[in-house]
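The values are calculated or read from the model by the stated rules, or taken from the named source; none is laboratory data. Quantities reported herein were computed from a predicted structural model and do not represent experimental measurements. Heads up, the Cβs are rebuilt from the backbone with ideal geometry, glycines too, and the neighbour counts pull from every protein chain shown.
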Amino acid sequence: MFFLDSDHVYRSRSFAAFDWLEHGFGTRLSPGFAAGAEVSTLKQIHSAICVQASAGGCLGEGDALVTSVPGRPVSVRTADCLPILMADERQRTVAAVHAGWRGTIQGIVACAARMLGRAEDLHVAIGPGIGHCCFEVGPEVAGQFRELFPERADLAARTSIDLVEANRRQLIRAGVPPSRIYPASLCTVCRGEFHSFRRDREQAGRMVSMIGRLS
Ligand SMILES: [Zn+2]
């Protein structure tokens with residue numbers, strides 16, 4: 001579903017098939033990816049705040065950026081949190097979302113989906129982030145996932161959480177067809193090609209993920 005291009009940027013095959021779209025999930029080997037004055041960014045605060053991008057540069061606080069302006073890409077920075085890119089095929093609106101566990105609990109992907117348009121027209125690529133294999137949390141965090149994982153009886157103790165599945169469930173609940181949700185299934189902690197806050201702590205850099213409308 002994903003491939004690594006010659007610039008060390010992961011791309012979704014489904015998104016790459018749209019000629020009106022540019023996108024990519026950066027790695028630690030693509031530090032200059034999506035740098036430029038025209039790219040919109042946010043000061044990320046682990047919220048469910050979605051911002052309509054009106055200009056390039058940093059547009060204030062929030063964790064999702066939406067745009068429909070050609071030549072005005074939007075981006076997020078991550079190191080274990082999930083970068084999620086969204087595209088509305090019909091209206092050609094796009095979004096970049098930063099979803100860590102706090103943003104996931106607050107429903108940031110559903111917020112971005114509502115801002116984009118009709119859920120049934122959306123395509124969603126879930127990029128590299130901390131995997132179920134590495135995301136062990138205490139009961140104070142696990143307990144907040146009860147509503148998303150009602151089938152689990154182990155959330156009152158230390159356990160592992162699947163952030164990709166949590167976001168997938170929210171998207172499906174919002175009306176996005178499951179066949180249009182594309183998870184990369186690449187764990188940033190396990191794989192050295194990525195920055196990881198859990199692995200590298202204060203030394204961790206950030207990866208840039210970007211999506212934009214070309215026409
Ligand atoms: Zn892992």
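Mind checking which residues of the stretch 40-58 are over 14 Å from ALA95 (Cα atoms) and either crowded, with 16+ Cβ neighbours inside 10 Å or touching a Leu at 6+ places or on another chain (Cβ under 6 Å) (or both)?
Across the stretch 40-58, the qualifying residues are GLN44, HIS46, SER47, GLY56.
Take the stretch 68-100 and flag every residue that is surrounded by fewer than 18 Cβ atoms within 10 Å (Cβ to Cβ), charged (D, E, K, R) and either part of a strand (DSSP E or B) or free of Cβ contacts under 8 Å to residues at least 60 places away in the same chain (or both).
Across the stretch 68-100, the qualifying residue is only ARG90.
Of the residues that make up the stretch 111-118, is at least one surrounded by 14 or more Cβ atoms within 10 Å (Cβ to Cβ), touching a strand residue (DSSP E or B) at 6+ places or on another chain (Cβ under 9 Å) and under 14 Å from CYS81 (Cα atoms)?
No, because not a single residue in the stretch 111-118 is surrounded by 14 or more Cβ atoms within 10 Å (Cβ to Cβ), touching a strand residue (DSSP E or B) at 6+ places or on another chain (Cβ under 9 Å) and under 14 Å from CYS81 (Cα atoms).
Which helices (runs of 4 or more DSSP H) does the stretch 101-215 wholly contain that include 2 or more residues that are within 16 Å of the ligand (Cβ to nearest atom) and among the basic types (Lys, Arg)?
197-200
Exactly one of these conditions fails for GLY117: (1) at pLDDT 95 or above; (2) out of contact with any helix residue (DSSP H, G or I) (no Cβ under 8 Å at 6 or more places or on another chain); (3) within 18 Å of ALA174 (Cα to Cα). Give me its number.
Evaluating GLY117 over (1) at pLDDT 95 or above; (2) out of contact with any helix residue (DSSP H, G or I) (no Cβ under 8 Å at 6 or more places or on another chain); (3) within 18 Å of ALA174 (Cα to Cα) leaves (1) as the failure.
Results for (1) among the polar types (S, T, N, Q); (2) surrounded by 18 or more Cβ atoms within 10 Å (Cβ to Cβ); (3) assigned to a loop (DSSP other than H, G, I, E, B), shown as yes or no for each residue.
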{"site": "HIS8", "(1), (2), (3)": "no, no, yes"}
{"site": "ASP19", "(1), (2), (3)": "no, no, yes"}
{"site": "SER30", "(1), (2), (3)": "yes, yes, yes"}
{"site": "ALA35", "(1), (2), (3)": "no, no, yes"}
{"site": "GLU38", "(1), (2), (3)": "no, no, yes"}
{"site": "GLY60", "(1), (2), (3)": "no, no, no"}
{"site": "LEU65", "(1), (2), (3)": "no, yes, no"}
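Any residue that is within 19 Å of ARG180 (Cα to Cα) and either in contact with an Asp or Glu (Cβ under 8 Å, 6 or more places away or on another chain) or modelled with pLDDT under 95 (or both) - is there at least one of those in the stretch 18-41?
Looking through the stretch 18-41, at least one residue is within 19 Å of ARG180 (Cα to Cα) and either in contact with an Asp or Glu (Cβ under 8 Å, 6 or more places away or on another chain) or modelled with pLDDT under 95 (or both).
Out of the stretch 29-76, which residues are touching a strand residue (DSSP E or B) at 6+ places or on another chain (Cβ under 7 Å) and charged (D, E, K, R)?
Within the stretch 29-76, LYS43, GLU61, ASP63, ARG72 qualify.
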